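Input: a single structure, listed below in structure tokens.
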Amino acid sequence: MMRRWRKADERWLQAMVVRPDNGFNQNLVFLSWVPSTSDYCSRISRKQFQMEKKTNYSILGCLYSNQFYLYICVGSLVICCCSYEIHAVSNDSFTLSSFTYGRTVLRPFDWRYIRVDLPTWFSSMTISLESDVDFDKSRITMADKSNLPMICAREGSPPLPDTYNTSFIGLVMDPILNGSLAIEGLQFFEKCYPMQKNVLIKLTNEQISPGVWYFGLFNGIGSMRTQSKMINRGSGYAFSGNVSVEGCLSPSISGQFCNETIDHLSCVDQKSIQGTVTSCRNDGEQPCIHQNESKLYSLDLLGVTEEIIISATNVISNQTQPSNGANNVSDIILMCYARHGSISSPSAHDYSGNINNAPLVIRSPKVGRWYITITTLNLSNETTGSMNVCYSLEWKLLRCPIDKAGLNCTWERYTLQTIMRKNPSVPFESYYLPASDKVSSNSANFLVEPLLSNSSLGQSQSQHFAWTYFLVDIPSGASGGSIHIRLNSDKKINHEIYASYGAQPIEDKWDYFYANSTSNSNGSMFFKLYDSDENSISFYIVYVRGGTWSFGVKHLTSVSNASGSQSQSQSQTTMSISIERCPRRCSSHGTCQNNVEMSGLSLYSYCWCDRTHGGFDCSVEIVSHQGHIWQSVSLIASNAAFVFPAYWALRQKAFAEWVLYTSSGISSGLYHACDVGTWCALSFRVLQFMDFWLSFMAVVSTFVYLADIDEGLKRTIHTVVAILTALMAENGPTRSSNIILVIAIGAAGLLVGFSVELLRHYGRFSFSVELFLNMLHSWQTIKEWCRNLIKTIVKRFRWFFVVAGFAALAMAAISWNLESTDSYWFWHSMWHVSIYTSSFLFIYSKVNAINRAGEPENTNYELTRQDSFSRGQDQRENGRVR
């Protein structure tokens, strides 16, 4: 039965396949190589190739089968399945990776990095972020840039938008529109965009190059970002997101939708006197392209190359329907567009030229994949028909021996070997020394003169310029550090230093350079110059990109005689190249911290500066030494205001309040003394908890003191308040909402005290039901009761001091809200004075309870005297009787 069903099923499917007008023929043949295709689809493809020798079956023949309807259902299911598979792989792309990042909170001046790895066969990258940032886009240009939440991007290493105190280079104030970023210049000059509530960014291989990309999310930038602060005032925001990377199935396919075919050329290496010349050209027939169409090629450079020469030969034009005679080949423009890392086009390319007239020469190309696009144009206006251009493409790569460089391979090139520093607590710190017998060194420095090139460019008869190159391999894990280059000489330094990533630097092509104190890359975002003069050079490349770096030293050589013999300079110049986690060891004003970016794939370092300095290297003095002394004195001495409420509480024999005010003032002074770096009696964490907890308790106890309740109930309220305020001080003590909560708890304690006092006062009288009803219905009684209650409240407080206490409390709240990173010391000192002053005014405003005769009550004391007196008198009387 099963065999009959399969044969009938195959006959029915064959009838569907062989019809040329059913629309499934080509697609089903295409599915024959897809691994995920079902057995039915594979069987269809195999049967199709066998149908040429078999008789076609008619679908009407299936009507004679009893399982006709079953075949219809099964066949429809198979066709739908095959159609779905065809649609799923039509663009030849698949998901390479996908990462989801949970909700992350960025406090003021906090930041996070996200790393994304893009292989060479990626097609697109999509970043989707959701945040609670909510501000008007029209006010972005008017906002303070240092407090603006933003997202930055950089290739190869983490972005650092605040290398300089006043540097906002690359900050694009316009919001991200349609998920598009301005990606030009992202390799060494980052772009930053304001953070938005919803961010969707999609970048393709036509826009960015493969490799490692970093995206940084910042909540404020500037020199104060790395300054250690007790409290960061400002608003934070939370974000979450997803990053997905799509790739192409085949390495010969590229493009955003994996719909562009990449042609490859066959290459042959040839040895020459200068070095190795690699020639690549077409195999077989010449490629032909239509007018205004293009053809895409790729070239992978695995090592440092001197130059690439791209040329076209045997250019032939096949003109259809010419208007005035044959087409002239010289009128054809065979444009060549070359681009490193990304697909080249007429609108996006690094180099371009008409290779029909002259070869395109690329000097010192970068290591990696190059994309070359060939397209044709016709300058002649006399042709009206279509045109096909056939050509032979050829490119040549010149590579010098490993120890030589330059177009003639006559300059010296040295590969520096890595020597790790023996400090396990500081990862990826190392220095580099040349692997050459010409010099030997037991330190991180080496002599430059024995390594300099002898041949020159020959600009004049007496002086010549020459280049000497040093290759350095930076591990990918060190991309969160900085590379430090130093030169020291006993004479004036006439050398110029050029640095380039992935290629040898030349005079008109480099990434960073230093010629003298006025001509250098100090304006660059990632180039930092330190203490350089005529005899020394010192600079950093911040957050260096992992990979091959080439440092070229351009120097002078003097000719001693006509035979070409040269004499070495008498100067002694030492050079050092090293990787440091933090520039200048944070300038001795901070500590170097290590952290892992959010994906957990790489490590980066940053400086955590002291209270008076900031900046990425702690070199920016935010507060002067004298200003720091004044700020410290103000923050510590302002706590002396606790004396006023403590003194009055002690005078009124309110010992619990006296202990709270005294301990709160002392703990706050010790806390701020530790915060400003003067002296830490205990750990910072313990002092912070004690300061906030006792401050909360002091505020609440002030409210409770205003109620006239017995000591038992007061101890109960204090115990409950101690538990609540301890939880607040332990979890987010610096939140502004804690002020509202503390005042609310104090007001609740005061209300409970008043309620208990009221019930206790009227509880002395026994009301019958009739009396209670008469009181409710007697307006005179209600009026008298309210009058007595108001009279009692009025006599309870000194209302001038109550109003003054509320004014001081309002001043404390204003001071709290006005606190910022710049003015924290002033407004927080005002907070200390205002909050203790308000406590003193409140407790001073309370008047002792008034008895019926208008005299202050001291019930416990009088009862004790009367009781003692009566007992003594009774004893004397009893003695007399005896």
Counting only residues that are at pLDDT 85 or above and not aliphatic (A, V, I, L, M), how many does region 319-367 have? 23
When only residues in region 524-537 that are under 33 Å from the mean Cα position of the chain (by Cα) and free of Cβ contacts under 8 Å to residues at least 24 places away in the same chain count, which is surrounded by the most Cβ atoms within 10 Å (Cβ to Cβ)? Phe527
Which ones in region 748-766 are surrounded by 12 or more Cβ atoms within 10 Å (Cβ to Cβ) and modelled with pLDDT under 75? Glu757, Leu758, Arg760, His761
Which is modelled with pLDDT of 75 or more, loosely packed, with under 11 Cβ neighbours inside 10 Å and among the hydrophobic types (A, V, I, L, M, F, W, C), of Ile790, Ile745, Ile740? Ile790
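Each row is one residue, and each column tells you yes or no for (1) under 37 Å from the mean Cα position of the chain (by Cα); (2) modelled with pLDDT of 90 or more; (3) assigned to a helix (DSSP H, G or I).
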{"position": "Leu650", "(1), (2), (3)": "no, yes, yes"}
{"position": "Trp658", "(1), (2), (3)": "no, yes, yes"}
{"position": "Thr662", "(1), (2), (3)": "no, yes, yes"}
{"position": "Leu670", "(1), (2), (3)": "yes, yes, yes"}
{"position": "Gly677", "(1), (2), (3)": "yes, no, no"}
{"position": "Ala681", "(1), (2), (3)": "yes, no, no"}
{"position": "Phe692", "(1), (2), (3)": "yes, no, yes"}
Quick one: how many residues across region 802-834 are within 18 Å of Phe642 (Cβ to Cβ) and of a type outside the set (Gly, Ala, Ser)? 8
Close pairs from region 699-722: first in contact (Cβ under 8 Å) with a residue 40 or more places away in the chain, partner part of a loop (DSSP other than H, G, I, E, B) and surrounded by 16 or more Cβ atoms within 10 Å (Cβ to Cβ), Cβ under 7 Å, at least 6 apart: Tyr705/Ala654
Part of a helix (DSSP H, G or I), at pLDDT 90 or above and not assigned by TED's automatic domain parsing to the domain that holds Phe99: which single residue out of Ser634, Ser605 fits that description? Ser634
Could you check region 710-726 and list, in sequence order, the residues that are farther than 12 Å from Met697 by Cα and either in a helix (DSSP H, G or I) or β-branched (Val, Ile, Thr) (or both)? Glu711, Gly712, Leu713, Lys714, Arg715, Thr716
Test: residue in region 260-267 that is in contact with a strand residue (DSSP E or B) (Cβ under 7 Å, 6 or more places away or on another chain), under 30 Å from Thr410 (Cα atoms), outside the structural domain of Tyr101 (by TED's automatic domain parsing) and crowded, with 19+ Cβ neighbours inside 10 Å: no
Would you check which residues across region 409-450 are hydrophobic (A, V, I, L, M, F, W, C), touching a Pro at 6+ places or on another chain (Cβ under 8 Å) and within 23 Å of Thr557 (Cβ to Cβ) and list them? Cys409, Leu416, Val439, Phe446
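One line per residue, one yes/no per condition, for (1) modelled with pLDDT of 90 or more; (2) in contact with a helix residue (DSSP H, G or I) (Cβ under 8 Å, 6 or more places away or on another chain):
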{"position": "Asp533", "(1), (2)": "no, no"}
{"position": "Val553", "(1), (2)": "yes, no"}
{"position": "Ser560", "(1), (2)": "no, no"}
{"position": "Ser571", "(1), (2)": "no, yes"}
{"position": "Ser599", "(1), (2)": "no, no"}
Could you tell me which residue of region 644-654 is surrounded by the fewest Cβ atoms within 10 Å (Cβ to Cβ), considering only residues that are among the aliphatic types (A, V, I, L, M) and farther than 30 Å from His628 by Cβ? Leu650
If Gly477 satisfies every condition in (1) over 30 Å from the mean Cα position of the chain (by Cα); (2) part of a helix (DSSP H, G or I) but one, which is the exception? (1)
Condition (residue is closer than 21 Å to Lys366 by Cβ, touching a residue at least 40 places away in the same chain (Cβ under 8 Å) and of a type in the set (S, T, N, Q)) applied to region 495-512: is it met by at least one residue? yes
For region 520-535: of the residues being of a type outside the set (S, T, N, Q) and assigned to a loop (DSSP other than H, G, I, E, B), which is nearest to Gln572 (Cα to Cα)? Glu534
Residues of region 268-277 being polar (S, T, N, Q), surrounded by fewer than 17 Cβ atoms within 10 Å (Cβ to Cβ) and assigned to a loop (DSSP other than H, G, I, E, B), which ones? Ser272
Test Ile201 against the criterion of being crowded, with 17+ Cβ neighbours inside 10 Å, under 21 Å from the mean Cα position of the chain (by Cα) and part of a loop (DSSP other than H, G, I, E, B), and give yes or no. no
Note on region 243-256: residues surrounded by fewer than 16 Cβ atoms within 10 Å (Cβ to Cβ) and modelled with pLDDT under 85 are Ser250, Pro251, Ser252
Tally of residues being among the small types (Gly, Ala, Ser) and at pLDDT 80 or above across region 267-316: 6
With the structure loaded, tell me whether Thr837 is touching a helix residue (DSSP H, G or I) at 6+ places or on another chain (Cβ under 7 Å) and more than 20 Å from Ala640 (Cβ to Cβ) or whether it fails that test. no
Among the residues of region 655-666, is there at least one that is surrounded by fewer than 17 Cβ atoms within 10 Å (Cβ to Cβ) and over 28 Å from Leu741 (Cα atoms)? no
Whichever residue in region 668-687 is among the small types (Gly, Ala, Ser) and under 14 Å from Ser638 (Cβ atoms) and, among such residues, is surrounded by the most Cβ atoms within 10 Å (Cβ to Cβ): Ser668
Subset of region 403-423, residues buried (at least 18 other Cβ atoms within 10 Å of the Cβ) and assigned to a loop (DSSP other than H, G, I, E, B), comes to Gly406, Cys409
Are there any pairs, at least 6 apart or on different chains, whose C-beta atoms fall under 7 Å, with the first in region 599-613 and crowded, with 19+ Cβ neighbours inside 10 Å and the second part of a loop (DSSP other than H, G, I, E, B) and of a type in the set (Lys, Arg), and if so, which? Ser605/Arg581
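The values are calculated or read from the model by the stated rules, or taken from the named source; none is laboratory data. Given the structure is predicted, the values throughout are model-derived calculations rather than measurements. Counting neighbours? That spans all protein chains shown, and the Cβs are built from the backbone with ideal geometry, glycine included.
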